[in-house]
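Structure, as structure tokens:
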Amino acid sequence: MDVATLWQTILADLQLQVSEVVYRTLISQTNLESLNEGQAVINCNNPLLINMIEKKYQGLIKKTLENYTHQEFNLVFHAQKNKHSNHIDGPLFTLKLPDPLPVNQLSNRINPDYTFNNFAVSSSNQMAYAAATHVAKNPGNSYNPLFLYGGVGVGKTHLTQAIGNSVLNKTPRLKILYCTGEEFTNEIIEAISTKTTTPFKKKYRLVDLLLIDDIQFIAGKYSIQEEFFHTFNAIYQVKKQIVITSDRPPEDINKLEERLRSRFECGLTIDIGDPDFELRTAIILIKAKQKGYLLPIESAKLISANIENTRKLEGVLTRVYSESQTKNLPLDTELIKNILGKTLKKNPPVKIASPEEILTVVVDYFHLKIKDLKGIKRDKIFVYPRQILYYLLRTESAINLVDIGEYLGGRDHTTVLHGIRKITNLLSTDEKVREDILGIKNRVSA
Ligand code: ADP
Ligand code: MG
């Protein structure tokens with residue numbers, strides 16, 4: 001592994017060990033400059049930050065580094081002079097204000113990976129998903145504003161950006177603006193202090209779709225709320241779409257002006273619940289698929305049983321993958337158990353559904369007969385339900401491939417394997433398949 005990749009892996013690991021704020025403001029700002037002869041040189045372009053990192057996180061970084069290299073290192077921290085900035089000695093947490101974006105680049109802030117297709121639907125988010133797809137189909141003509149709220153990592157940003165991606169794909173000429181409540185605030189402050197409020201207003205008011213993430217940030221900031229109120233009205237009156245997210249419902253946002261609150265409430269407000277084990281497993285499988293990793297379902301389940309925070313799932317996945325590459329090991333549960341090490345607490349819930357029960361539910365769900373699935377007919381209407389059945393027998397009642405083959409009238413285990421792989425792949429790309437699996441599972445556990 002080269003130094004840059006090694007550092008990326010270590011950063012992913014550290015992200016799991018410190019709080020998000022510490023990671024974002026301190027740890028993620030570092031680079032591994034060199035690594036040789038027992039010495040690791042770590043730099044960052046802010047001297048105050050590097051001091052703080054050295055004082056507080058040296059031990060943790062050292063331990064994590066040695067964990068990957070299996071060698072001891074003396075850590076040297078130093079600030080790298082940044083050629084492009086004269087302000088390296090400035091205050092610790094100066095906010096770098098984003099440069100105003102030219103209108104045709106507004107949509108650049110939208111991450112192309114956050115699509116509806118890459119979004120797993122479950123009972124905790126299906127209302128939000130349905131509303132978001134509806135808004136994406138008819139921006140400005142359906143729920144306005146759409147207000148989504150929920151805790152950390154429930155997929156608010158993902159869904160919001162999926163609306164952006166979908167609209168952008170269908171109608172590229174539309175002006176879409178995504179920003180966070182914090183960025184909105186910073187830009188107003190900047191505009192006021194540099195007397196450039198006209199371009200600011202133009203930028204925010206003349207859009208077809210405004211996606212504003214984490215609006216709770218403007219609570220208590222009255223002049224910001226005032227500006228937001230006018231922005232909101234300008235967009236709303238010309239029937240353009242607004243989508244807002246928050247970590248809590250409008251009525252719980254403290255110090256939110258009443259007139260804003262009632263504006264928010266005149267659209268549709270939906271909450272997104274915390275993802276359960278099944279949904280987290282689906283999310284990991286989607287992420288793995290996107291990155292081209294061959295992650296077995298059992299491994300995905302083991303990770304999801306142990307990592308509740310969806311934001312950390314991706315970090316764990318990166319770590320697991322890079323470890324498997326370095327050591328040339330498969331992405332199996334052994335590897336994951338080793339990596340999660342002391343933090344490994346739980347095994348995935350063990351399913352107790354019997355094969356008979358699963359068979360009955362699948363047959364029922366697709367309105368077929370048992371002999372259709374156990375039989376040999378290869379008609380299209382039987383093949384897909386049969387593959388779903390293989391998949392569920394494997395994942396829900398955990399019988400092995402050979403026994404599944406036997407149970408279903410003496411099929412070869414490679415046929416079963418092929419079917420399971422097919423469904424596993426479709427699960428991360430095809431909404432219909434996810435719906436079917438979810439629908440069937442709900443009946444199995446009912
Ligand atoms: P929030 O904005 O609510 O804090 P995010 O949208 O940032 O959460 O989601 C955190 C991570 O989890 C992202 O990587 C996102 O893609 C992923 N994620 C969350 N929910 C889902 C889901 N239902 N399907 C796929 N990925 C999801
Ligand atoms: Mg978010």
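Coordinate-derived values only; no laboratory data. Values in this document were obtained by computation on a predicted structure and should not be read as measured data. Using ideal geometry, Cβ is built from the backbone for each residue, glycine included, and neighbour counts are taken over all protein chains shown.
Worth a mention:
- Taking the centroid of alpha carbons for each part, segment 354-392 and segment 123-185 are 37 Å apart.
- Selected from PRO275, PRO139, PRO385 as most flexible by GNM, with the chain as the system and alpha-carbon contacts under 10 Å: PRO385
- Rounded to the nearest 20, the size of the Cβ-charge dipole of the chain about its Cα centre is 940 debye, with Lys and Arg at +1 and Asp and Glu at -1.
- With the helix formula -39500 (n - 2.57) applied to DSSP H stretches of n ≥ 4, the chain reaches a computed 222 nm mean residue ellipticity of -17000 deg cm²/dmol.
- Over all other residues within a Cβ to Cβ distance under 13 Å of VAL76, the charged ones net out to -2, with Lys and Arg as +1 and Asp and Glu as -1.
- Separation between Cα centres of segment 400-446 and segment 30-66, rounded to whole Å: 47 Å
- Cα gyration tensor shape for segment 355-445, rounded if a/c is under 1.5, else prolate or oblate: rounded
- Rounded, prolate or oblate (a/c below 1.5 giving rounded, otherwise prolate when a/b exceeds b/c) for segment 149-257 by Cα gyration tensor: oblate
- Legend: ranking of residues GLU278, GLU334 from fewest to most surrounding C-beta atoms inside 10 Å; resulting order GLU334, GLU278.
- Summed residue charge, Cβ within 12 Å of ILE370's Cβ, Lys/Arg positive, Asp/Glu negative: +1
- For segment 214-269, the Kirkwood radius over C-alpha pairs fed into Stokes-Einstein at 4 °C and 1.567 mPa s yields D = 113 µm² per second.
- Total charge dipole magnitude, segment 355-445, about the Cα centre, Cβ charges on Lys, Arg, Asp, Glu only, Debye to nearest 20: 280 debye
- Which of HIS158, HIS367 has the fewest Cβ neighbours within 10 Å, and the rest in rising order: HIS367, HIS158
- Segment 284-349 and segment 224-248 have Cα centres lying 40 Å from one another.
- The shape of the chain can be summarised by an equivalent ellipsoid whose semi-axes, obtained from the alpha carbon gyration tensor, come to 42, 34, 17 Å from longest to shortest.
- The DSSP beta bridges internal to the chain are antiparallel in roughly 15% of cases.
- Each 10 Å bin from zero up to the one holding the largest Cα-Cα distance in segment 115-177 carries the following percent of pairs: 22, 58, 20, 1.
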